[in-house]
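Peer 1: One structure follows; several queries about it will come next.
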Ligand SMILES: Nc1ncnc2c1ncn2[C@@H]1O[C@H](COP(=O)(O)OP(=O)(O)O)[C@@H](O)[C@H]1O
Ligand SMILES: [Mg+2]
């Protein structure tokens, strides 16, 4: 890890022990703080997200997981009275720099939400939406992308005969996979997922988890979940958050078997949360 | 609950009265005790309280009969027609005055283009040199002769309206061209004279043509005069008129059911497609249908972008704060302002101010006659748009607010800009709600009449707002409107009894027109719903 001890973070060095990816880090969250008006929601968080790996964010609800995740693609920008300090660097470029184009930034990061939110359009229009807003109208490119993305999202076989049907006619699990297909259609580098399975039944959840395992390596995935088994199943690294702070960030195995922090220990063993 | 029942009853009353109005009735010939004879269609019968003096004068037997009936006598209203002979066309007849009544087969109803209906018998038919008096021969020759007369009338009308009207239009144009040149002021004498000469040349050409056409029309009219029909009422007062002055003629007492139905539908057809006659109490309402429709359409075209854009701004772009709340309250209050106030505003602002400026800039040569500086269909549509814009804004805002936040986030997370999100996700999702607002606005606007009376509705419009003369849509023209037509016929005409059937039929038509416009808007809305779901953008 590259941080200077003591000066900018209160996080203990030994609480940081992630598994390193082959390609280095993609996102560096550096001493990041966030306030909703006067209320501080994130406190001096510093972690580095490894490229190509799956990183899970766990923690009791209200601890700031979504807030942190939504800071990464600046979805919080719209909230009034919000301000931040510290940096988040994507490929060593601070995303809060004034010359950063938010729209371009968001295009580099796909996002999947807690509740499936397909647009009220056809299945294929949903998937090609990120391309169409880029002004791409070439039917061949669009249909290729639709097929590729749906295949990546393991949805192609189920919908290939009804691409022109309304997306709202799909089941919840299918809708969520459609949203994943949409999120990866524009070929992002990072995939942000905020509790993508919490509104789904166990079968659909399994499918999504399988899908995440398949997408590993192609995208750097950050997934928020309050389901610890899920985190254990899909992620390489896990960050445990509590009251707006990342308490421990490390290899998933280690976090769940022999965590170094007492708070992490209490949480993963179900003593609170 | 009671309200719904009352509305239903009211609708049934209108529909029933509207539907039966055009069905032909029998003609009764009534012999009165006084020895007089009269003929007419019975309209309605009612009982009334008879005053004691009249009662005293009645024969005892009649008196006894009335006494048992609580001093009430019955009387019937007859439509006698023949206004030109009697100076009235409706007459009350008290039951005890009637000696006997019957329905002789030779009675005919003649619907005339002037003076209203004639009720009586045909005495002879003049077809050019030929004169026919035999009743059987008259009835066998009449239909053909009448059709030919109609053709002649149409030809004359075409000539007068299109060709002579066109020449008048050109002459007016030449006069205006000349005036425009003189108004420019900085002209030299030579150009002025040139313009004057050009004007004189055009006018004299046109005048020549005009005289030719008028001569032609005179010949046609003289020819038309030779085909006439002689009629007599029950008291043998006679009346002769041109065959081409007859709209419809039928022997009311010998019609089969099929023939009655035929007359019924031909009257509906006339009502829907013809222009009004006789101070609007007869003929059709086509200009009013047309005016209502065009005005409502114009209003929707104006109100949609304004309402939707205002709502988009208020809901999506403006910073939600005290100012926006204030604007919202104002918009809601606007919906409660009495509509006549809008009329006054429309007249003062649109017609007099905006229209006045437009006239002085664009059409100075026509002054002092106003072009835009008076009521017209454009100002009426704008006034109504103002009146209905709150409805659209409120409905659109609600529809926008109902679009789930997660959809917007989904779109923004895809890297869409705010406007793209609105255009591709929010608006399509809100479209059904917006259309509902437009439908409400349309329903309100189409039935509104008070403000229109100030900004361009007239009793009788000389020209339709759309015609074949460039630029085809004449938004400055005054127009007719069904709702105003109802008011005018029902309450402003010389004879409210004559207008009554028209009131019912026109009301029925107005309600149907609004229903049709709403139904088609709902249809479009549902189509849109489906199209946006299949999302071809
Ligand atoms: N838009 C907001 N405005 C104000 N406070 C917020 C907002 N969103 C979240 N919060 C607060 O920030 C804290 C973290 O919320 P969140 O990130 O949603 O938690 P988690 O996703 O871990 O459950 C909570 O206390 C929540 O009340
Ligand atoms: Mg959350």
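Peer 1: Evaluate the following for residue A:62: is it over 18 Å from the mean Cα position of the chain (by Cα), within 16 Å of ligand 1 (Cβ to nearest atom) and surrounded by fewer than 14 Cβ atoms within 10 Å (Cβ to Cβ)?
Peer 2: Here the answer is no, as residue A:62 does not meet what is asked.
Peer 1: Next question. For region A:177-187, what are the residues that are under 12 Å from the mean Cα position of the chain (by Cα) and facing chain B (nearest Cβ under 10 Å)?
Peer 2: Correct list: A:183 only.
Peer 1: Can you confirm whether residue A:109 is at the interface with chain B (Cβ under 7 Å from one of its Cβ atoms) and away from ligand 1 (no atom under 16 Å from the Cβ)?
Peer 2: So residue A:109 does not fit the description; no.
Peer 1: Return yes or no: is residue A:124 within 16 Å of ligand 1 (Cβ to nearest atom) and crowded, with 16+ Cβ neighbours inside 10 Å? Talk me through it step by step, then tell me what you get.
Peer 2: Values: within 16 Å of ligand 1 (Cβ to nearest atom): no; crowded, with 16+ Cβ neighbours inside 10 Å: yes.
Here the answer is no, as residue A:124 does not meet what is asked.
Peer 1: Please tell me if residue A:68 is surrounded by 19 or more Cβ atoms within 10 Å (Cβ to Cβ) and either free of Cβ contacts under 8 Å to residues at least 40 places away in the same chain or within 14 Å of another protein chain (Cβ to nearest Cβ) (or both).
Peer 2: Criteria not met by residue A:68.
Residues checked against (1) in a helix (DSSP H, G or I); (2) under 30 Å from residue B:360 (Cβ atoms); (3) modelled with pLDDT of 85 or more; (4) in the same structural domain as residue B:217 (by TED's automatic domain parsing):
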residue	(1), (2), (3), (4)
B:152	yes, no, yes, yes
B:156	yes, no, yes, yes
B:163	yes, no, no, yes
B:174	yes, yes, no, yes
B:178	yes, yes, no, yes
B:195	yes, yes, no, yes
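Peer 1: Considering each of A:155, A:131 in turn, give the residue that is away from ligand 1 (no atom under 15 Å from the Cβ) and crowded, with 21+ Cβ neighbours inside 10 Å.
Peer 2: A:155
Peer 1: If you don't mind, there's one more thing I want to ask. In region B:407-420, what residues are crowded, with 23+ Cβ neighbours inside 10 Å and at negative phi?
Peer 2: Correct list: B:410, B:411, B:412, B:413, B:414, B:416.
One line per residue, one yes/no per condition, for (1) within 16 Å of ligand 2 (Cβ to nearest atom); (2) buried (at least 19 other Cβ atoms within 10 Å of the Cβ):
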| position | (1), (2) |
| --- | --- |
| A:175 | no, yes |
| A:188 | no, yes |
| A:192 | yes, yes |
| A:200 | yes, yes |
| A:203 | no, no |
| A:206 | no, no |
| A:211 | no, yes |
| A:221 | no, yes |
| A:225 | yes, yes |
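Peer 1: How about region B:395-406: which of its residues are buried (at least 19 other Cβ atoms within 10 Å of the Cβ) and part of a helix (DSSP H, G or I)?
Peer 2: The answer is B:395, B:396, B:397, B:399, B:400.
Peer 1: Okay, next question. Taking the condition of being modelled with pLDDT of 85 or more, surrounded by 15 or more Cβ atoms within 10 Å (Cβ to Cβ) and not in a helix (DSSP H, G or I), how many residues in region B:253-284 meet it?
Peer 2: Number of matching residues: 1.
Peer 1: Working only within region B:313-332, note down all residues that are within 28 Å of residue B:448 (Cα to Cα) and in contact with a helix residue (DSSP H, G or I) (Cβ under 8 Å, 6 or more places away or on another chain).
Peer 2: B:314, B:327, B:328, B:331, B:332
Peer 1: I'm checking my understanding of the structure. Among residues of region A:68-89 that are farther than 20 Å from residue A:267 by Cα and under 14 Å from the mean Cα position of the chain (by Cα), which one is farthest from ligand 2 (Cβ to nearest atom)?
Peer 2: A:74
Peer 1: Hey, another quick one. Filter region A:18-38 down to the residues that are within 16 Å of ligand 2 (Cβ to nearest atom) and surrounded by fewer than 19 Cβ atoms within 10 Å (Cβ to Cβ) and list them by number.
Peer 2: A:36 - this is the single residue of region A:18-38 that is within 16 Å of ligand 2 (Cβ to nearest atom) and surrounded by fewer than 19 Cβ atoms within 10 Å (Cβ to Cβ).
Peer 1: Cβ-Cβ under 9 Å, sequence separation 6+ or interchain: first residue in region A:192-212 and within 14 Å of chain B (Cβ to nearest Cβ), partner assigned to a loop (DSSP other than H, G, I, E, B) and away from ligand 1 (no atom under 16 Å from the Cβ). Which pairs?
Peer 2: Hits for this filter: A:196/A:116; A:199/A:116.
Peer 1: I'm trying to understand the selection: among the residues of region A:71-99, which are more than 10 Å from every other protein chain (Cβ to nearest Cβ), closer than 26 Å to residue A:23 by Cβ and touching a strand residue (DSSP E or B) at 6+ places or on another chain (Cβ under 7 Å)?
Peer 2: Correct list: A:71, A:72, A:86, A:87, A:88, A:89, A:90, A:91, A:94, A:95, A:96.
Peer 1: Identify all residues within region A:48-66 that are near ligand 2 (Cβ under 10 Å from one of its atoms) and touching a helix residue (DSSP H, G or I) at 6+ places or on another chain (Cβ under 7 Å); write none if there are none.
Peer 2: So the first thing to find is which residues in region A:48-66 are near ligand 2 (Cβ under 10 Å from one of its atoms), and the list is A:57, A:59, A:61-66.
The answer is A:57, A:59.
Peer 1: For residue B:89, which of the numbered conditions (1) within 17 Å of residue B:235 (Cβ to Cβ); (2) surrounded by fewer than 19 Cβ atoms within 10 Å (Cβ to Cβ); (3) modelled with pLDDT under 85 fails to hold?
Peer 2: With respect to (1) within 17 Å of residue B:235 (Cβ to Cβ); (2) surrounded by fewer than 19 Cβ atoms within 10 Å (Cβ to Cβ); (3) modelled with pLDDT under 85, residue B:89 is out only on (2).
Peer 1: Within region B:112-126, is even one residue surrounded by fewer than 16 Cβ atoms within 10 Å (Cβ to Cβ), touching a residue at least 24 places away in the same chain (Cβ under 8 Å) and not assigned by TED's automatic domain parsing to the domain that holds residue B:236?
Peer 2: yes
Peer 1: Within region A:65-75, count every residue that is more than 8 Å from ligand 1 (Cβ to nearest atom) and closer than 24 Å to residue B:316 by Cβ.
Peer 2: 4
Peer 1: Does region A:135-148 hold any residues that are surrounded by fewer than 16 Cβ atoms within 10 Å (Cβ to Cβ) and either touching a residue at least 24 places away in the same chain (Cβ under 8 Å) or within 12 Å of chain B (Cβ to nearest Cβ) (or both), and which are they?
Peer 2: Within region A:135-148, A:135, A:137, A:139 meet the criteria.
Peer 1: Considering each residue of region A:227-237, count those that are touching a residue at least 24 places away in the same chain (Cβ under 8 Å) and away from ligand 2 (no atom under 16 Å from the Cβ), and give that number.
Peer 2: Qualifying residue count for the region: 6.
Peer 1: Taking the criterion of being in a helix (DSSP H, G or I), within 14 Å of chain A (Cβ to nearest Cβ) and in contact with a helix residue (DSSP H, G or I) (Cβ under 8 Å, 6 or more places away or on another chain), would at least one residue in region B:369-377 satisfy it? So that I can check it myself, show each step before the final result.
Peer 2: As a first pass, look at region B:369-377 and keep what is in a helix (DSSP H, G or I): B:377.
Among the residues that remain, those that are also within 14 Å of chain A (Cβ to nearest Cβ) are: none.
For region B:369-377, residues in a helix (DSSP H, G or I), within 14 Å of chain A (Cβ to nearest Cβ) and in contact with a helix residue (DSSP H, G or I) (Cβ under 8 Å, 6 or more places away or on another chain): absent.
The values are calculated or read from the model by the stated rules, or taken from the named source; none is laboratory data. Only a predicted model underlies this, so the values are computations on that prediction, with no experimental measurement involved. Here the Cβ is made from the backbone with ideal geometry for all residues, glycine too, and neighbour counts use every protein chain on show.
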